[in-house]
Amino acid sequence: MRRTAIAATTAALALTLAACTGTEPEVATKPDPKPASPTASEAPAKKTAAPAPKDAGLGDAITLKGLEDGQQISVTLKKVSDPAVPKDEFFNPDAGNRWIGFQIEIVNSGTVVYDDSPSNGMQIADADGQRFNGVIADIKAGPSMASGVTLKPGAKALGWLVFEAPKNSKITTVQFGMNSGFSDQTGEWKL
């Protein structure tokens, strides 16, 4: 009887908390607009219909909000190393698997300090829908992203995050979320 009461109280508390936030999870797939850089010799452009928005991909930034007021970052998927070559001979992917490295840049575009573990908030998916979390590994492509990143507003961090997946798996999607992936907004890049 007591277990039932505790379970019911816990479920009611969870429903109340979900109702209080009033936000639904969101997957942001549209890249941030790129700044225009017209030259002085260009003639004024004719007005045309805006192109249909595309999904974010390699080189695109997505701005994401966190759980608390003022938390906001811009994340850019900079480079991919597939397969990623291990930095030394001591650590390698399991037999039948490969490592895939993703270089990301995080810019704190919010008004409060960003303090998070980027690897906790990122995952990749293949064409079959299988999802993969990161592994702690160093690759020859470049320096790893720090496990804990603290950025004042305007500061940035750059580094590689590594994932392990089967050799025959076609990686199609990269996702990133603030607050170790628990925020209501997730950025998604198509490969």
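Close contacts from the range 116-128, counting a first residue that is farther than 16 Å from Trp160 by Cβ and touching a residue at least 60 places away in the same chain (Cβ under 8 Å) and a second that is open to solvent by less than 20 Å² (accessible area, probe 1.4 Å) and part of a strand (DSSP E or B), with Cβ to Cβ under 7 Å and a gap of 6+ residues or different chains, come to Asp116/Val149. Scanning the range 110-128 for residues that are open to solvent by 50 Å² or more (accessible area, probe 1.4 Å), of a type outside the set (A, V, I, L, M, F, W, C) and more than 13 Å from the chain's Cα centre (by Cα) yields a count of 3. Only one of the listed residues (Val149, Val107) is open to solvent by 30 Å² or more (accessible area, probe 1.4 Å) and among the aliphatic types (A, V, I, L, M). That residue is Val107. Taking strands (runs of 3 or more DSSP E) as the structural unit, those lying wholly within the range 1-89 and holding at least 3 residues that are modelled with pLDDT of 95 or more and either surrounded by 13 or more Cβ atoms within 10 Å (Cβ to Cβ) or not aromatic (Phe, Trp, Tyr) (or both) correspond to 61-65, 72-81.
Of the candidates Val149, Val174, Val113, the single residue that is in contact (Cβ under 8 Å) with a residue 60 or more places away in the chain and among the aliphatic types (A, V, I, L, M) is Val174. With respect to the conditions (1) in contact with a Phe, Trp or Tyr (Cβ under 8 Å, 6 or more places away or on another chain); (2) closer than 18 Å to Lys190 by Cα; (3) open to solvent by 60 Å² or more (accessible area, probe 1.4 Å); (4) among the acidic types (Asp, Glu), Asp138 lacks only one, and its number is (2).
The values are calculated or read from the model by the stated rules, or taken from the named source; none is laboratory data. Please read all numbers here as calculations on a predicted model, not as lab measurements. Note: ideal-geometry Cβ built from the backbone for every residue, glycine included; neighbour counts use all protein chains shown. Each accessible area value is taken on the protein alone, full model and side chains, heavy atoms only, with ligands, DNA and RNA left out. Shrake-Rupley method; radii C 1.70, N 1.55, O 1.52, S 1.80 Å.
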